[in-house]
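What follows is a set of notes on a single structure, which appears directly below.
Laboratory data are not the source of any read-out in this text; all were calculated from the coordinates shown. Owing to the predicted nature of the structure, the values given are computational and were not obtained by experimental measurement. Glycine gets a Cβ as well: all are built from the backbone with ideal geometry, and neighbour counts include every protein chain shown.
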Amino acid sequence: MAADEAALVRRCLRGEAQAFHDLVDRFQAEVYGLCVRLLNHRHDAEDVTQEVFVRVFRSLRRWDSKRPLKPWLMGIAVNRCRTWLAQRNRRPELSDYLQDTAPGPLSDDVAELLREIQAALRELRPEYRSVFVLFHEQGQAYEDIAAALKCPVGTIKTWLHRARLEVLERLRRRGMVAPDFGLDNVNPTSKPPQRKRK
Amino acid sequence: MNCLEFQERLQSQLDRQPVGDGTSLEHHLASCPDCRQLHQAAQRLEEGLRHLAPPCPPVGLADRIVTRALGERQARLRFRRRLLAVAAIAASLLLTALAGYYWFLRPTDQGPVTPEPIANKPPEPEPQPKETPAPSLRESVADATDAVAGLAQRTTDETVGSTWLLWSVVVAPPLKEPAELPPPFDPTARSLREAGQGLSTGLEPLANSARRAFGLFLRDIPNMETEGKPGL
């Protein structure tokens, strides 16, 4: 994998347009997904994704070929999103309601749950949100996240635990769990009861 | 199991790590409503994350990215070429200037100037003008004598050379001896006598005029003793 990435990077450094296409095709979904989650705005995410890849191509010579390419690239994406957020905070925020759901019909209860999870993510601090998205949505390991964010693994774990607790607290506060009626509902292995819609 | 242990177990479960026996968890959840609610929220979160699809990039995004990246690469290469061209021209001008300096302006008796490291070099004192010792009087006189002698020798040589050149061209007429030489006279007495006569002749009009003017002046003066004192 690392040799494959190194070869791809060498082709990019030679200026092969097809290599550019291959690299973008390989990572654009993850970069764009991360940008959407961190920025909560599709157009901004698209712009930042373009900037991320332009910066990646500009600084490919600085990539350490002994390390995997993805954490390095995701680190650039996180940094660009932070910079974009800092600039956007100085001007009125544009609303862009995300409707990212799995293909296929969803029940109203699941759709509402997804909206609450996304709202909870928006309320997280940027570093908590980055770690949460990279871990739960993109399935990256702690070590890769630490490499991308240039933080110790312990710090990443702490951020992720706090992010989860904040999301869970919001879900509970927003009534996404069944009210506690006593010991009858306790079953740690079973699926929790569906929340009754009002 | 207490609440802290429950939270650690919950984090491990969300980390997709294997968790232990559920018996102790069941007992704790049965006795702690807060942890029970948290547990249910975690199950809902896992359910939601299973349905949460990652955002799909828009169609054509990859093409736009590649086009922009290649364009920037071309622009960067163009800028680098221009920079190299400017640097080459500047280096050529500098080399030309250095070559001109060494060929035309550099003194021939000096070797090539080697730069000296100045980082650890102690500061040099201000250069003092060199005082040349004043020549002694004897040396000055000797130099002047040599110069005058040389000048005289050169003038003499030139004169002799010119004379010999003219002598060979011009035929000199024979000298005639005068028949009778005029008698010698006393030049000093004669010149003094002639000078006295010339002086008296030259001053005679002035003396006459002065004498006449003084006589008129005395005649026109009134009696100053009576006219100058009217009260008397």
Completion exercise
Filtering trypsin sites (Lys or Arg not before Pro) in segment A:124-157 by DSSP loop and by at most 13 other Cβ atoms within 10 Å leaves A:LYS150
Handout entry: Cα radius of gyration and Dmax for segment B:64-103 (Å)
Key = 17.3, 58
Problem - Average beta-carbon neighbours from other chains, 10 Å sphere, peptide B:30-42 - result: 6
Exercise for the section: In nm, give the distance between the simple-model label positions of B:ASP220 and B:GLU204, each being 7 Å from the Cα along the Cα-to-Cβ direction. Expected result: 2.8 nm
Practice task
Report, largest value first, the span of the C-alpha coordinates of segment A:1-89 along each principal axis, in whole Å.
Solution key: 39, 23, 20
Problem - Scattering profile of segment A:108-177 at q = 0.11, 0.19, 0.20 Å⁻¹ [log10 I(q)/I(0), Debye over alpha-carbon scatterers] - result: -0.27, -0.72, -0.78
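About the Cα centre of segment B:64-103, how large is the charge dipole given +1 on each Lys and Arg Cβ and -1 on each Asp and Glu Cβ? Please answer in debye to the nearest 20.
Numbers: 8 positive and 1 negative charges, 87 e Å.
The dipole of segment B:64-103 has a size of about 420 debye.
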Completion exercise
Kirkwood Rh over alpha-carbon pairs of segment A:36-75 plugged into Stokes-Einstein at 20 °C, 1.002 mPa s gives a D in µm²/s of 192 µm²/s
Handout entry: Pairwise centroid distance, computed over Cα atoms, of segment A:1-68 with segment B:41-88, Å
Key = 6 Å
Fill in the blank from the handout: Sorted largest first, the C-alpha extents of segment B:32-89 along its principal axes in whole angstrom are 81, 28, 8
Handout entry: Length-normalised contact order for segment A:1-55 - Cα pairs under 8 Å, 6+ apart - percent
Key = 23 percent
